[in-house]
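Asker: One structure is given below, represented as structure tokens, and several questions about it will come after.
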Amino acid sequence: VRTAFLGDLKAARERGEGYAEIVKRRQARLAVAQLGNIYYRNYLTQDGAIAVGNLSASLRQKMRDVLGIDYDRRDHDPAYNPRDPETIDAGNALTARVEKMIAAETSAHWVELFEAAGVPCGELNFTEELDQHPQIIENGYVVALDHDLSGPQTMVSPPHKMSVTPPTARSASPPLGRDTDAILAAAGYTAAEIAAFRAKGAVG
């Protein structure tokens with residue numbers, strides 16, 4: 001799929017084709033490549049959506065075990081051809097079957113079953129929900145800060161963790177000029193010198 005797309009991309013650029021047209025054709029190409037893909041994608045559930053990511057035959061088998069699917073040619077038939085019309089029809093039927101099955105239950109239901117079986121999966125969240133997600137909170141990826149002007153804020157904390165010198169978020173970003181006097185004083189300037197800077201408009 002990648003090789004074919006790169007060839008198409010080169011030809012399209014040589015023709016002077018626009019970006020939007022190239023994107024449309026790429027999406028169509030990817031749609032064909034995804035026919036029958038039940039293993040690495042998102043699914044709508046009864047109350048939301050989940051993502052599954054099975055990149056190996058053993059993981060795909062675990063997902064089939066959970067769903068009660070006995071057989072899939074891609075993992076058992078050496079002659080499997082994803083572009084064969086019969087394969088495409090079978091893949092479409094399998095996809096529709098699994099989509100209907102997963103849509104009939106809640107996200108929590110499937111996450112519990114898949115995780116118990118070792119299937120990589122997770123519930124999809126909106127960006128606005130992430131600061132309340134238990135995993136985000138448990139890993140300390142958000143921090144509550146108080147801004148001088150706008151008040152309490154939830155911000156992203158330093159993502160890397162260090163055992164000896166853990167980085168910490170000490171404060172929200174300061175309003176413009178809040179720390180000017182303190183910084184200049186730390187650099188050795190006297191109060192009179194700082195006042196003179198301000199009178200000349202050198203600092204705000």
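Conditions (1) part of a helix (DSSP H, G or I); (2) aliphatic (A, V, I, L, M); (3) free of Cβ contacts under 8 Å to residues at least 60 places away in the same chain, marked per residue:
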site: LYS100; (1), (2), (3): yes, no, yes
site: LEU113; (1), (2), (3): yes, yes, yes
site: VAL119; (1), (2), (3): no, yes, no
site: ASN125; (1), (2), (3): no, no, yes
site: LEU130; (1), (2), (3): yes, yes, yes
site: ILE136; (1), (2), (3): yes, yes, yes
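Asker: Kindly evaluate TYR40 against the criterion of being touching a Leu at 6+ places or on another chain (Cβ under 9 Å) and of a type in the set (Phe, Trp, Tyr).
Answerer: Working: touching a Leu at 6+ places or on another chain (Cβ under 9 Å): yes; of a type in the set (Phe, Trp, Tyr): yes.
Yes.
Asker: Let me ask something else. Return yes or no: is ALA182 among the aliphatic types (A, V, I, L, M) and either within 30 Å of ASN139 (Cβ to Cβ) or open to solvent by 60 Å² or more (accessible area, probe 1.4 Å) (or both)? Show your work before the answer.
Answerer: Working: among the aliphatic types (A, V, I, L, M): yes; either within 30 Å of ASN139 (Cβ to Cβ) or open to solvent by 60 Å² or more (accessible area, probe 1.4 Å) (or both): yes.
Spelling it out, ALA182 is indeed among the aliphatic types (A, V, I, L, M) and either within 30 Å of ASN139 (Cβ to Cβ) or open to solvent by 60 Å² or more (accessible area, probe 1.4 Å) (or both).
Asker: Tell me the residue from LEU113, LEU44 that is open to solvent by 90 Å² or more (accessible area, probe 1.4 Å), at pLDDT 95 or above and either touching a helix residue (DSSP H, G or I) at 6+ places or on another chain (Cβ under 7 Å) or among the polar types (S, T, N, Q) (or both), please. Even if it seems obvious, please write down each step before you answer.
Answerer: Working: LEU113 fails: open to solvent by 90 Å² or more (accessible area, probe 1.4 Å).
After applying the criteria, what remains is LEU44.
Asker: Of the conditions (1) more than 29 Å from the chain's Cα centre (by Cα); (2) surrounded by fewer than 11 Cβ atoms within 10 Å (Cβ to Cβ), ALA31 satisfies every one except a single condition; which number is it?
Answerer: Tallying (1) more than 29 Å from the chain's Cα centre (by Cα); (2) surrounded by fewer than 11 Cβ atoms within 10 Å (Cβ to Cβ), ALA31 fails exactly one: (1).
Asker: Consider LEU145 carefully, then state whether it is within 30 Å of GLN46 (Cβ to Cβ), surrounded by 12 or more Cβ atoms within 10 Å (Cβ to Cβ) and of a type outside the set (Gly, Ala, Ser).
Answerer: Numbers: within 30 Å of GLN46 (Cβ to Cβ): no; surrounded by 12 or more Cβ atoms within 10 Å (Cβ to Cβ): yes; of a type outside the set (Gly, Ala, Ser): yes.
So LEU145 does not fit the description; no.
Asker: Is it true that ILE50 is in contact with an Asp or Glu (Cβ under 7 Å, 6 or more places away or on another chain), open to solvent by less than 30 Å² (accessible area, probe 1.4 Å), farther than 21 Å from ARG83 by Cβ and among the hydrophobic types (A, V, I, L, M, F, W, C)?
Answerer: yes
The values are calculated or read from the model by the stated rules, or taken from the named source; none is laboratory data. This is a predicted model, so every value here is computed, not measured. All Cβ positions, even for glycine, are placed from backbone atoms using ideal geometry, and neighbour counts span all protein chains on display. For accessibility, only protein heavy atoms count, side chains too; no ligands or nucleic acids. Shrake-Rupley method; radii C 1.70, N 1.55, O 1.52, S 1.80 Å.
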